[in-house]
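These notes are about the structure you will find just below.
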Amino acid sequence: MMMTFLSVAFGGAIGASARFAVNLAAARLFGTGFPVGTLVVNVLGSFVMGVLAVVLLDRASPLAPFLLTGVLGGFTTFSAFSLDTLMLWERGQPGLALIYVILSVAASLLAVFAGLTIGRSILA
C-alpha cells in the first residue's frame, strides 16, 4: 500500500510538471488572454484518461494508480471528472451524470469565488 502511495505521489509530480510546461508553452505561443494551456491539458488529459482507463482498468493493471491518479491527476483533475461523468452515463444513469456535471462546475466556480473573496479580504 505504501508503494502505491509513493507511485501516485511520483506520478503527480510528473503530471504537475508537465502541466506547468504546457501552460508556459501555451502562454508563449498564444499569450495569456485565454487559458489555452489549461484547455489543452484538460482535453488532452481527458482523452488519455479514456484510453488508459480501457487499457489499464479492464486488466486491473498495477500501473493504474501511477498513471491515472498520479500522472493524469497531476496533469489535470478534469480527466478524472470526465471519466466519472461518462462512467455514470454508461451505467445508465444520465440524470445523475448531468447532476454531477452541474454540481461539479457550479460548486467549483462558487468555491473559487469564495476562496478569492476570503483570501482578498484577509490580505486587504
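Ignoring ligands, DNA and RNA, what percent of the accessible area of the stretch 2-64 is carbon or sulfur (1.4 Å)?
Numbers: 3300 of 4280 Å².
Looking at the stretch 2-64 in its full context, I get 77 percent from C and S.
Using C-alpha pairs under 8 Å with a sequence gap of at least 6, the mean separation divided by the residue count of the stretch 6-69 gives a relative contact order of 45 percent. Of the residues 105, 48, 71, the one that moves most in a GNM of the chain with alpha-carbon contacts below 10 Å is 105.
A Gaussian network model of the chain, with springs between Cα atoms under 10 Å, assigns the largest mean-square fluctuation among 30, 66, 75 to 30. The candidate values were (1) 2, 11, 21, 24, 20, 12, 6, 3, 1, 0, 0; (2) 2, 11, 14, 17, 18, 18, 12, 6, 2, 1, 0; (3) 2, 10, 17, 16, 12, 9, 7, 6, 5, 5, 3, 3, 2, 1, 1, 0, 0; the one computed from these coordinates for P(r) over Cα pairs in 5 Å bins from 0, in percent carries the label (2). Taking label points 7 Å from Cα along the Cα-to-Cβ direction, residue 99 and residue 59 give a separation of 3.7 nm. Per residue, the accessible area of the chain comes to 69 Å² when a 1.4 Å probe rolls over the protein heavy atoms. Largest GNM mean-square fluctuation across 111, 64, 16, computed for the chain with C-alpha springs under 10 Å, falls on 111. Contact order, relative form, for the chain: 31 percent (alpha carbon pairs under 8 Å, 6 or more residues apart, mean separation divided by residue count). Taking a point 7 angstrom from the Cα of residue 117 along the C-beta vector, which residues in the stretch 95-111 have backbone N less than 11 Å away? Once the point is set 7 Å along Cα→Cβ of residue 117, 110-111 turn out to lie under 11 Å by backbone N, inside the stretch 95-111. Given a 1.4 Å probe and the protein chains as shown, residue 19 ends up with an accessible area of around 90 Å².
The values are calculated or read from the model by the stated rules, or taken from the named source; none is laboratory data. Predicted model only: the values in this text are computed from it and were never measured. Cβ atoms come from the backbone with ideal geometry, glycine included; neighbour counts cover every protein chain shown. Ligands, DNA and RNA are excluded from the accessible area calculation, which covers all protein heavy atoms including side chains. Shrake-Rupley method; radii C 1.70, N 1.55, O 1.52, S 1.80 Å.
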